Structures are given as structure tokens and as C-alpha cells.
Amino acid sequence: MSALRALLVAATALGLGATAMAEDKPNPPADAKAFQDYFVKKFPKVAFDDFVNGPYSMNADMRRQWEEKEQFPPYEFALEAGKEMFAKPFKNGKTYADCFPNGGIGIRQNYPYFDDKEGKVVTLELALNRCREANGEQPYSYVKDEMASLTAYMAYTSRGKRFDIRIPDDPRALEAYEKGKEYFYTRRGQLNFSCASCHVQSPGERIRAEILAPALGILNAMPIYRSEWSGMGTISRRIVTCNSQTRAVPLEPQSDEYRNLEYYLSYVSNGLPVSGPGARP
Amino acid sequence: MRHFPRHFPRHVSTTNVMKKIVFATMVATVCAGSARAASEADYLAAAAAAESANKEAGRLRNQWTVTQAALNAAKKAAESGNFDSAVKSAQEAEALAKASIVQATSEMQRWKDLEIR
């Protein structure tokens, strides 16, 4: 009798173990579905594509102000500058178009991607600087105007195209995705906030004077003109600033952690259109 | 014949305990009043402990801005010769750095609790 009981206990334990293992096995498509379903259920009045408009999708007053501002959008100067910079040849005569598929036009929705040669995630900002360096130019700061202008132009040529981030059949790509997810949900800084604390648990709520944007589609609007910054900001600048605001020491822009975070956050927003460059309060 | 608890004879021990408390309080008061001012060596030891903890937080990629701010305040106080304040700030920095280490290590598992599934 006791032998039978022991057998039953062992079988149950094995069953529970197998279930736990199945739950822990990385499954990006299931993650993306759960992620998107969460926001759709939380904000049933917000149209799916409207999540890319961040706080404007969930506050009528802000939306009216934004729609008026879009008549003369504050990112227009950056857009024009980016267009010129993109076309201007490097000293060796080549241009950015030589570094990218389709001459760099209408490709924003495919970034970041996993580079199997390097074994790491490559973001658009990183690819732009690598293009510069490969052509004998100095890299731009990841948090300043030049990079924001270039990515603004590239995003603009991709407006309306839906995010299509791929995770190739490569364990390193899956690992990068998982690490990005871990970073997104990990609390940091003296305030003990994770990215999710604001952008999953509290979108639509105020934090001081600001209305928090949902994580779903948050990168589709990048880069952004922020009134708070009185200027343009890249994805790198946004992440670095978020870290500082929680009183965490930011990592270096385009560190592996930030690249992985961008990979995860972009993947779970697959299917949403590019709306960048954007404007935010 | 009166009986008292074996280890705690009330009429005797109450007086003795009171005497000890009064004596201890007096000693503590005198010691506190005459506590020596912190020295540069005290500051250097406290700062080294804080730097070491903050370095470990850096290894875990989880330093806090307030830790460095407290270390800077300690250095500034030490440079002006205020070693009491310098030690206090350095000790605060160490406590903050240790808290960031606890956060980093506990979050290695706890982040999963927040995940949308």
C-alpha cells in the first residue's frame, strides 16, 4: 500500500514538474498574444492600431491637443534635417542607402533584427552608426539630435507599415528575446520600478503631470519630439531616461541589455503600424 | 518561611536590576557625550566599504544613482574636513548599495511574477 502511495506521489510530482517546465519554455508567439490581449481587454474602447499613439489613445483632451499640434508637428524640423542627412554622401561618396536593404526606405518595421553572424540584436540606431563607421565617419551620439533626425526620416518612410520583428530559429535569438523580457519586468532603481510598473500596470494613469503610455506600440512612435525635453529623443534616450527616473544608473546606450529589451518590446508589438516620428508632452 | 523563585529572588533582584539599568544608562550617556569625532581613517574605511558594495552592484548591472550621490556627498564633506558627516554619508552609500544588490539578486526570480501570461 505504501509502495503504491509512493508511486502516486512520484507520478504527481513528475506531472507537476512537466507542467512547470512547459510553462517556463520560451514561447514568443504566445507571449505576444497574451501581451496584446492584456491591453485590448484593459482598454476595450481603444482601437488596436491606436495603441501606437500612446497617451493620446486614452485621454480625449490630450488627443484633441495633439491633433491640433499635428497640423504643424514639432518633429518637422528633425524630419527635414534627417532627410537631408540621409541623402548627403559620406566623404567616400557612399550614402546610408548603400548600407540598408531597399536603400533604407520603408524598412523601419523590420528593426531590430537578430544578426546571426554577430549573434546579437541589431537596432536601427546601431545599424546607422555601423554604417557611418564602415564608411569612415564618426558615430553619432545615440541620445542626441542627429540620430533622432535620421531615425525620424527612416520611420517616416515606413509609416503605416506593420512591425514585423522576426525571431529566427537560433537559440541565441531566443535567449536575446528572453533576456529582453527579463529586463522589461525587472524592478530597478531606488524607486523599485520596472518598465512594466508604469507601462503595463499603469498606462492611462498619471505620474505627476504625465499620462503613462501603454507598452504595447510604445516603440512604433519612436523617435519622438518631447515637450519635456524641448527636442527630439531616440529610443536610446527614452530608455536611459526611464532608468534615471527610477534612480537607477542607466547602462550605456546600445548595451546588450537595451538591445535585447528593444527586441522583446518590438516583437510583442508586431502587427501594429509604424507611426513615428511622434510627439509627446 | 517565605519562598522565592530560585533564580529570581524578587525583593533582592528588582533592586539590583534597577541599579544595573541606571548604571548602564549613565555609562551610555557619558560615552555618548564624549564620543570621539570621526577621523579621516574612519571616513576612508567607510568609503571603501561603500565603494566595494557599489562595485558589486555594478557587476550585477544594478547601481542606483543615489548611491553615487551619497558617495559624492561623503567625499565633499571629507574634503572640507567634516569627517562626521563624511562617515555618515559613506555609511548611507553602503546601505544603498547593499539594498541595490538585494534588489538585483531577488529580482532574478521575482520578475516572473509581473509577467503577462
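The values are calculated or read from the model by the stated rules, or taken from the named source; none is laboratory data. Not measured: the values here are computed from a predicted model. Here the Cβ is made from the backbone with ideal geometry for all residues, glycine too, and neighbour counts use every protein chain on show. Note: areas computed on protein heavy atoms with side chains; ligands, DNA, RNA excluded. Shrake-Rupley method; radii C 1.70, N 1.55, O 1.52, S 1.80 Å.
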Structure shown: which of A:LYS94/A:LYS161; A:LYS83/A:LYS117; A:LYS83/A:LYS144 lie over 23 Å apart, alpha-carbon to alpha-carbon? A:LYS94/A:LYS161; A:LYS83/A:LYS117
For segment A:219-269: rounded, prolate or oblate by the Cα gyration tensor [a/c cutoff 1.5]: oblate
Averaged per residue, the 1.4 Å probe accessible area of the protein assembly as shown, protein heavy atoms only, in Å², is roughly 55 Å²
For the protein assembly as shown, the charge dipole (Cβ of Lys, Arg +1; Cβ of Asp, Glu -1; about the Cα centre) points to a positive end, and the Cα of A:SER269, B:SER100, A:SER227 closest to that extreme belongs to B:SER100
For A:ILE105 and A:LEU191, what does the FRET efficiency come to when R0 = 56 Å and r is the distance between their Cβ atoms, rounded to the nearest 0.05? 0.85
Treating each Cα of segment A:13-160 as an identical point scatterer and ignoring solvent, apply the Debye formula and state log10 I(q)/I(0) at q = 0.11, 0.13, 0.18, 0.19 Å⁻¹. -0.64, -0.82, -1.15, -1.20
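Give me a single rounded figure for B:61-70: the average over its residues of other chain Cβ atoms within 10 Å of their Cβ. Could the numbers behind the result be given before it?
Details: counts 9, 7, 7, 8, 10, 6, 3, 1, 1, 0.
Counting other chains' Cβ atoms within 10 Å and averaging over B:61-70 gives 5.
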Counting only C-alpha contacts under 8 Å and six or more residues apart, can you give the relative contact order of chain A as a whole percent? 26 percent
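For the interface of A with B, what's the total buried accessible surface in square angstrom, probe 1.4 angstrom, rounded to the nearest hundred?
Buried area between the two chains comes out at roughly 1900 Å².
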Within segment B:36-111, DSSP-loop chymotrypsin sites (Phe, Trp or Tyr not before Pro) with at most 14 other C-beta atoms within 10 Å are none
Can you tell me the FRET efficiency between A:PHE90 and A:GLU70 if r is taken as the Cβ-Cβ distance and R0 is 35 Å, rounded to the nearest 0.05? 0.55
I'd like the mean, over residues of A:244-253, of how many other protein chain beta carbons sit within 10 Å of each residue's own Cβ. 4
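Which residues make up the longest stretch of chain A clear of GluC sites (Glu not before Pro) that lie in a DSSP loop with no more than 12 other Cβ atoms within 10 Å, not counting the sites?
Working: sites that count: A:GLU118, A:GLU205, A:GLU228.
With GluC sites (Glu not before Pro) excluded where exposed in loops, chain A gives A:1-117 as its longest stretch.
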Please find, in a Gaussian network model of chain A (springs between Cα atoms separated by less than 10 Å), the residue of A:GLY217, A:GLY54, A:GLY104 whose mean-square fluctuation is greatest. A:GLY104
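Provide a whole-number value for the mean count of partner chain Cβ atoms within 10 Å of the Cβ atoms in peptide B:107-115.
Across the residues of B:107-115, the mean count of other-chain Cβ atoms within 10 Å is 5.
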Once both label points are put 7 Å beyond Cα along the C-beta direction, the A:ARG63-B:ARG36 separation in nm becomes 7.1 nm
